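Read the figures in this text as sums done on the coordinates, not as results from a lab. This one's a predicted model, so the numbers in the text were calculated from it and none came from an experiment. Note: ideal-geometry Cβ built from the backbone for every residue, glycine included; neighbour counts use all protein chains shown.
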């Protein structure tokens with residue numbers, strides 16, 4: 001990837017494009033108060049291939065800090081093929097540059113339907129770069145997409161600074177009569193402010209930990 005003076009590419013857009021290439025990386029902006037000056041600081045954090053925080057998992061239990069959970073499974077949000085569409089080269093009459101089609105042959109052979117996915121990268125005209133985008137996107141979206149989420153009660157041990165943390169989720173209820181005990185990584189957080197009669201809570205969006 002290369003950016004030229006005058007492209008006016010947004011920083012967020014450029015970071016997203018670079019992160020989507022192989023082998024990829026994760027990024028986030030951490031906001032905090034400088035303890036000396038009191039000024040608000042925004043720190044861009046990068047980590048490849050993923051952001052990892054802490055050496056020990058945070059324990060989340062139901063019954064306990066976990067108030068509710070969801071394990072949605074939706075094959076229509078994933079895909080079995082991917083193509084990346086780029087920009088049109090200067091003076092080009094053939095239209096935008098396209099990547100080769102990336103296909104999850106193993107999923108199709110296993111009976112998954114053909115679900116095509118595509119993405120746009122209007123400032124990219126290099127086919128090899130577009131091929132890398134398509135491979136990366138297919139790896140992220142292949143098959144059935146499952147994004148577990150849990151709603152927790154925020155406390156001293158469970159704070160909004162959990163992004164990238166590994167959690168050990170233990171659930172025992174009517175759906176998990178034998179008990180669930182699994183490790184996940186926190187990839188998203190949505191905090192809900194406290195209201196009368198209801199404590200401050202956070203929805204944690206998870207992915208299976210390695």
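A compact table of results
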{"quantity": "Computed lengthening from residue 44 to residue 22, 0.36 nm per intervening residue step minus Cα-Cα distance", "calculated": "5.9 nm"}
{"quantity": "The chain: angle of helix 127-141 to the longest principal axis, Cα-based, in degrees nearest 10", "calculated": "30"}
{"quantity": "Burial ordering of 147, 29, 51, fewest other beta-carbon atoms within 10 Å first", "calculated": "29, 147, 51"}
{"quantity": "Rough spin-label spacing in nm, given labels placed 7 Å along Cα→Cβ, for residue 191 and residue 118", "calculated": "4.1"}
{"quantity": "Separation between Cα centres of the stretch 79-123 and the stretch 11-51, rounded to whole Å", "calculated": "28"}
{"quantity": "Separation of the residue 168 and residue 12 label points, Cα + 7 Å toward Cβ, nm", "calculated": "3.7"}
{"quantity": "Antiparallel bridge percentage (DSSP; both residues within the chain; nearest 5)", "calculated": "75"}
{"quantity": "Viscosity 1.002 mPa s, temperature 20 °C, Stokes-Einstein D of the chain from Kirkwood C-alpha radius, µm²/s", "calculated": "107"}
{"quantity": "Rough spin-label spacing in nm, given labels placed 7 Å along Cα→Cβ, for residue 77 and residue 3", "calculated": "2.9"}
{"quantity": "Once the Cα gyration tensor of the stretch 1-50 is diagonalised, semi-axes √(5λ) in Å", "calculated": "26, 17, 6"}
{"quantity": "For the chain, calculated [θ]222 nm from helices alone, where every DSSP H run of n ≥ 4 adds -39500 (n - 2.57)", "calculated": "-4000 deg cm²/dmol"}
{"quantity": "Two-decimal ratio, the stretch 47-132, of alpha-carbon radius of gyration to 2.2 N^0.38 Å", "calculated": "1.69"}
{"quantity": "Share of alpha-carbon pairs per 5 Å distance bin for the stretch 1-110, given as whole %", "calculated": "2, 7, 9, 11, 14, 16, 14, 11, 7, 5, 3, 1, 0"}
{"quantity": "Residues 167, 191, 103, 11 arranged by fewest to most Cβ contacts within 10 Å", "calculated": "11, 191, 103, 167"}
{"quantity": "Highest average packing first - 78-89, 177-188, Cβ atoms within 10 Å", "calculated": "78-89, 177-188"}
